[in-house]
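In what follows, a single structure is set out as structure tokens and then discussed.
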Amino acid sequence: KLAVEFPSEDVFLMTASPVIKAVTNFKQVSKTLEEFDVEEQPSSLLEQRYPNIKVLQSAVKQLNSDEHKIFTEDGREYMYEKLCLCAGAKPKLIFEGNPYVLGIRDTDSAQTFQKNLAQAERIVVVGNGGIALELVYEIEGCEVIWAIKDKAIGNTFFDAGAAEFLIPKLTAEKRETPIECKRTKYTMEGREKKERPKAASDKVGSALGPDWHEGLRLKGTKEFSHKVHIEIQCEVKKIHLQQEFIQLQQTSLAFPKEEKNAEPDEVLWPVYVELTNGKIYGCNFIVSATGVVPNVEPFLDGNNFAVGEDGGLKVDEHMHTSLPDIYAAGDICTASWKPSPVWHQMRLWTQARQMGWYAAKCMAADILGESIDLDFSFELFAHVTKFFNYKVVVLGKYNAQGLGLDHELMLRCTKGQEYVKVVMQNGRMMGAVLIGETDLEETFENLILNQMDLSAYGEDLLNPAVDIEDYFD
């Protein structure tokens, strides 16, 4: 966007990764909903397309905001007129530095995971967001103990009702064959052959795209397809290596069979997980999918940034940080303007793309001395994704975020087919969750945006016999 706005200016893209993530197959589904793929491309493609862009492959060592300088790991320094920080976030690991704990965020970590899984008989997955959900669904031939701190799965995206709707898919033996994913992966020549240096594991790669698990063979050593046991309302208390566990003289549990309490386990595992509910399970390794923290490290030292409660760099409605000429966008930033009543920040690819595009517009307006209004994409929270092979659309305050007790929910559910939930407050629609091919996203998006009083329709709003889409057209 910057290269287009300023064709005669130099635009430097500084990145630690040899590939860049490009948005492809972009499709505007409705006014605020967008679908796209994220694909890795060699940075030379970007430079070919925009002659004024130069990609510098090096991590940032330090930022000196007073002197408008950036120092890179390879010992160079660069001056900037305007700077936008888009360094994303890094996985929040439950235990740092434990060789049996894997965080999944970027393509490299997904590959490491795939390698480890090929030899695994049982893994423990900790976390309840999008990556954990997809992972548990995609893994075959390996026992999965899934520890979540909530009462129901997928708490970031759903409520307990939606979770109940999805659970049967976890235990279904026969899986639909996944649609072939046409995403190509570029790597630097010879980079695959050389094992990455061990120290590089803490370097942050680019975040995974929405369908990152496609094309990875997520299969363990066993012959069955799905075996998932969910431990709810618990967290990891401790991780014991095999030796420590033997000294503890505690009992670990076998994989629970239907309806029965788990028996003591006869097998010796490389690592043991002790949960806060008192249960101990042995496994081959642990996947930490417990969300991300903004990657602000290299920029804070010696710079007086205002930082949000979640650790992100605070930005105003023009994506400006608290320091002159420095903007931030995506996972690294914390939106600290007064948000629209039906928008909230969530560290997702869709928002990263919107923020990046809008930050470029703001930088341009600033340079040209123009004023600019907050972009329309921040009017309504809207996200479309796929879980367990169902299309999932979440709109507005879909989980009644911040609405207190003063709201009501309406539901419609057809087992194995669709799940529709709307969040109402004072007769107005504030949010919705749509699972399956409901075709209601555009209608609901409009109803949330125009805040029409719907009290007169009552329960008929979700009555399958009423063609609501046609009615509000």
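The values are calculated or read from the model by the stated rules, or taken from the named source; none is laboratory data. This structure is a prediction, so every number in the text was calculated from the model and none was measured. Reconstructed Cβ throughout: ideal geometry from the backbone, glycine too, with neighbour counts over all protein chains shown. Please note that ligands, DNA and RNA were not included when accessible areas were found on the heavy atoms of the full protein model with its side chains. Shrake-Rupley method; radii C 1.70, N 1.55, O 1.52, S 1.80 Å.
Being buried (at least 18 other Cβ atoms within 10 Å of the Cβ) and touching a helix residue (DSSP H, G or I) at 6+ places or on another chain (Cβ under 8 Å) is the filter here, so list the residues in the stretch 14-35 that pass it.
Thr15, Val19, Ile20, Thr32, Leu33, Glu34
Name the one entry in Gln345, Gln351 that is free of Cβ contacts under 8 Å to residues at least 12 places away in the same chain, touching a helix residue (DSSP H, G or I) at 6+ places or on another chain (Cβ under 9 Å) and within 30 Å of Ile94 (Cβ to Cβ).
The match here is Gln345.
Does any residue of the stretch 104-114 turn out to be assigned by the TED database to the domain that holds Asn284, touching a His at 6+ places or on another chain (Cβ under 8 Å), surrounded by 14 or more Cβ atoms within 10 Å (Cβ to Cβ) and more than 18 Å from Arg353 (Cβ to Cβ)?
yes
Is it the case, given these coordinates, that Glu274 is among the charged types (D, E, K, R) and not in a loop (DSSP other than H, G, I, E, B)?
Considered against the rule, which asks whether it is among the charged types (D, E, K, R) and not in a loop (DSSP other than H, G, I, E, B), Glu274 comes out as yes.
Of these, Ile239, Ile246, which one is at pLDDT 90 or above, aliphatic (A, V, I, L, M), assigned by the TED database to the domain that holds Ile153 and not in a loop (DSSP other than H, G, I, E, B)?
Ile239
Consider the stretch 54-71. How many of its residues are without any contact (Cβ under 8 Å) to a residue 60 or more places away in the chain, open to solvent by less than 60 Å² (accessible area, probe 1.4 Å) and either within 28 Å of the chain's Cα centre (by Cα) or at positive phi (or both)?
Result for the stretch 54-71: 3.
Scan the strands (runs of 3 or more DSSP E) fully inside the stretch 34-108 and keep the ones with 2 or more residues being closer than 20 Å to Asp301 by Cα.
60-64, 69-72, 77-79, 83-85, 89-91
Quick grid of which residues meet (1) open to solvent by less than 20 Å² (accessible area, probe 1.4 Å); (2) out of contact with any strand residue (DSSP E or B) (no Cβ under 6 Å at 6 or more places or on another chain):
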position: His407; (1), (2): no, no
position: Gln425; (1), (2): no, yes
position: Arg428; (1), (2): no, yes
position: Val433; (1), (2): yes, no
position: Gln451; (1), (2): no, no
position: Asp460; (1), (2): no, yes
position: Pro464; (1), (2): no, yes
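Confirm whether Glu445 is closer than 21 Å to Trp343 by Cβ, open to solvent by less than 50 Å² (accessible area, probe 1.4 Å) and either hydrophobic (A, V, I, L, M, F, W, C) or within 29 Å of the chain's Cα centre (by Cα) (or both). Break it down stepwise before answering.
Numbers: closer than 21 Å to Trp343 by Cβ: yes; open to solvent by less than 50 Å² (accessible area, probe 1.4 Å): yes; either hydrophobic (A, V, I, L, M, F, W, C) or within 29 Å of the chain's Cα centre (by Cα) (or both): yes.
Here the answer is yes, as Glu445 does meet what is asked.
If you go through the stretch 403-440 one residue at a time, how many are within 21 Å of Glu35 (Cα to Cα), in contact (Cβ under 8 Å) with a residue 60 or more places away in the chain and of a type in the set (A, V, I, L, M, F, W, C)? Steps first, answer last, please.
To start, the set of residues in the stretch 403-440 that are within 21 Å of Glu35 (Cα to Cα) comprises 418-420, 431-440.
Filter once more, keeping what is in contact (Cβ under 8 Å) with a residue 60 or more places away in the chain: 419, 431, 433, 435.
In the following step, the residues that additionally are of a type in the set (A, V, I, L, M, F, W, C) were identified as 433, 435.
Residues in the stretch 403-440 being within 21 Å of Glu35 (Cα to Cα), in contact (Cβ under 8 Å) with a residue 60 or more places away in the chain and of a type in the set (A, V, I, L, M, F, W, C): 2 in total.
Can you name the condition, by its number, that Arg122 falls short on among (1) at pLDDT 85 or above; (2) open to solvent by 30 Å² or more (accessible area, probe 1.4 Å)?
Condition not satisfied by Arg122: (2).
For Phe26, indicate whether it is in the same structural domain as Asn303 (by the TED database), over 30 Å from Val392 (Cα atoms) and among the aromatic types (Phe, Trp, Tyr).
no
Can you pull out the residues in the stretch 281-314 that are part of a strand (DSSP E or B) and in contact (Cβ under 8 Å) with a residue 24 or more places away in the chain?
Residues satisfying the conditions are Tyr281, Gly282, Cys283, Phe285, Ile286, Val287, Ser288, Val292, Val293, Pro294, Val307, Leu313.
Among residues belonging to the stretch 250-294 that are hydroxyl-bearing (Ser, Thr, Tyr) and under 30 Å from Glu309 (Cβ atoms), point out the one that is most open to solvent (accessible area, probe 1.4 Å).
Filtering the stretch 250-294 for residues that are hydroxyl-bearing (Ser, Thr, Tyr) and under 30 Å from Glu309 (Cβ atoms), the one most open to solvent (accessible area, probe 1.4 Å) comes out as Thr276.
Could you say which residue among Ala400, Ala382, Ala360 is over 15 Å from the mean Cα position of the chain (by Cα) and either on the phi < 0 side of the Ramachandran plot or free of Cβ contacts under 8 Å to residues at least 24 places away in the same chain (or both)?
The unique qualifying residue is Ala360.
Determine which single condition Pro99 fails, assuming it passes every other condition in (1) open to solvent by less than 30 Å² (accessible area, probe 1.4 Å); (2) within 30 Å of Thr276 (Cα to Cα).
Going through (1) open to solvent by less than 30 Å² (accessible area, probe 1.4 Å); (2) within 30 Å of Thr276 (Cα to Cα) one by one, Pro99 breaks only (1).
Being among the basic types (Lys, Arg), more than 20 Å from Pro18 (Cα to Cα) and open to solvent by less than 90 Å² (accessible area, probe 1.4 Å) is the filter here, so list the residues in the stretch 72-93 that pass it. Before you say what the answer is, go through the steps one by one.
As a first pass, look at the stretch 72-93 and keep what is among the basic types (Lys, Arg): 76, 82, 90, 92.
After this cut, where a residue has to be more than 20 Å from Pro18 (Cα to Cα) as well, the list is 82, 92.
If the condition is that a residue be among the basic types (Lys, Arg), more than 20 Å from Pro18 (Cα to Cα) and open to solvent by less than 90 Å² (accessible area, probe 1.4 Å), then Lys82 is the only one that fits.
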